[in-house]
Amino acid sequence: MAARAPRRQTNAQTVSQPEEIDLVKKEFGAAIAHDIRTPLSVIAGFAKTLRDEWAELSEEEKLEDVDAIGRNAEKLTHILDEVVQAGVENSGEPLCAVEPFDLGHQVRTMVADFAAVAPNPFSVRINDGDRFALGDERRAWRVLANLLSNAVKFSNPAAGIDVEVGRRNGLAEVSVRDRGMGIAADDLANLFSPYARVGAALEHGTPGSGLGLYLSKCLVEAQGGRISVSSHPGSGSTFTYTLPLAGRHDGGEQPAVNSPD
């Protein structure tokens, strides 16, 4: 936190302080609104399916949909808990509880949730030897939610989305590939900046706050990983993020992991 300004300050400095505080509040509110949008959309999608197709669904399918609603409601609760925690601690830094978790299970579950409410066909490929990561499971969920949401948002409904979990340079790696409009080379440098709205999104009027990728970058780096993108206009985009691997992955015993949500 910056040191308190001395008493003898100019009028311009006096005015700028409340303006900066107001800006921080607006950014924080926009970030929270962005984070809750995905689980709310998933909950609404499953609720609509239950309402519209109740008679056609088997009991097992109904239970699966209810489980998905409950799972995403828990995600909302976690986000709101973090809002309270951030207010108490008065800190803008993402606080991460780093421990082993089943990244492969997280990816499979999240893709299944998105596939149930989005029109796009999804494919998932997971190397089971590299599926355990060391990080914050809830914050890793938010990163993947942002990338899957963007892939759906910027793709034709019939275009496939591929998700893969593997290993690169000793790190667990997750990649999300879409076949959407792609990103111009000039826009790539600013893509992870706050409120970045690149040319293609503006041209097509795609809704969004421009905060998702910035928040994802902050959350990934807070867990010791990196996030990157490769893209060409008209050929889609591949977003990739890494997290430290957990335990032995060369035939040894797997580490104990958190129970899935």
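Rule-based calculations on the coordinates, nothing more; no lab input. All figures in this text were calculated on a predicted structure; none of them were measured in a lab. Positions of Cβ are generated from backbone atoms using ideal geometry, with glycine treated the same way; all protein chains shown enter the neighbour counts.
Taking the Cα centre of region 99-244 as the origin, how large is its charge dipole in debye, to the nearest 20, when only Lys and Arg (+1) and Asp and Glu (-1) carry charge on their Cβ atoms? Mind showing how you got there, number by number?
On the way: 14 positive and 15 negative charges, 14 e Å.
Around 60 debye, computed over region 99-244.
Rounded to whole Hz and in sequence order, give me ³J(HN,Hα) for region 66-77 from the Karplus expression 6.51 cos²θ - 1.76 cosθ + 1.60, θ = phi - 60°, writing x for Gly and Pro.
Working through the residues one at a time gives 5, 4, 5, 4, x, 4, 6, 5, 5, 4, 4, 4 Hz.
May I ask you to compute the full-extension gain from GLU60 to ALA97, defined as 0.36 nm times their residue separation minus their alpha-carbon distance, rounded to one decimal in nm? Could the numbers behind the result be given before it?
Working: separation 37, 0.36 × 37 = 13.32 nm, distance 3.44 nm.
Extending this stretch completely gives an extra 9.9 nm.
For HIS232 and LEU40, compute 0.36 nm times the residue count separating them, minus their Cα-Cα distance, and round to one decimal in nm.
Details: separation 192, 0.36 × 192 = 69.12 nm, distance 3.11 nm.
Difference between extended and current length: 66.0 nm.
With the crude spin-label approximation of a point 7 Å out along Cα→Cβ, what separation in nm comes out for ASN169 versus ALA47?
4.4
Classify region 108-203 from the C-alpha gyration tensor, please: rounded if a/c falls under 1.5, else prolate or oblate depending on whether a/b exceeds b/c.
The shape class here is oblate.
Say R0 is 45 Å: what FRET efficiency, to the nearest 0.05, do LEU188 and ALA116 get from their beta-carbon distance?
On the way: r = 32 Å, r/R0 = 0.70.
The value I calculate is 0.90.
If the chain between ALA222 and ASP67 were fully stretched, how many nm would it gain, using 0.36 nm times the residue separation less the Cα-Cα distance?
Answer, rounded to one decimal: 52.8 nm.
What ranking do 145-155, 122-132 get when scored by the average of other Cβ atoms within 10 Å per residue, highest first? Intermediate values should be presented prior to the final figure.
Details: 145-155: 22.5, 122-132: 16.5.
Result, highest mean Cβ count within 10 Å first: 145-155, 122-132.
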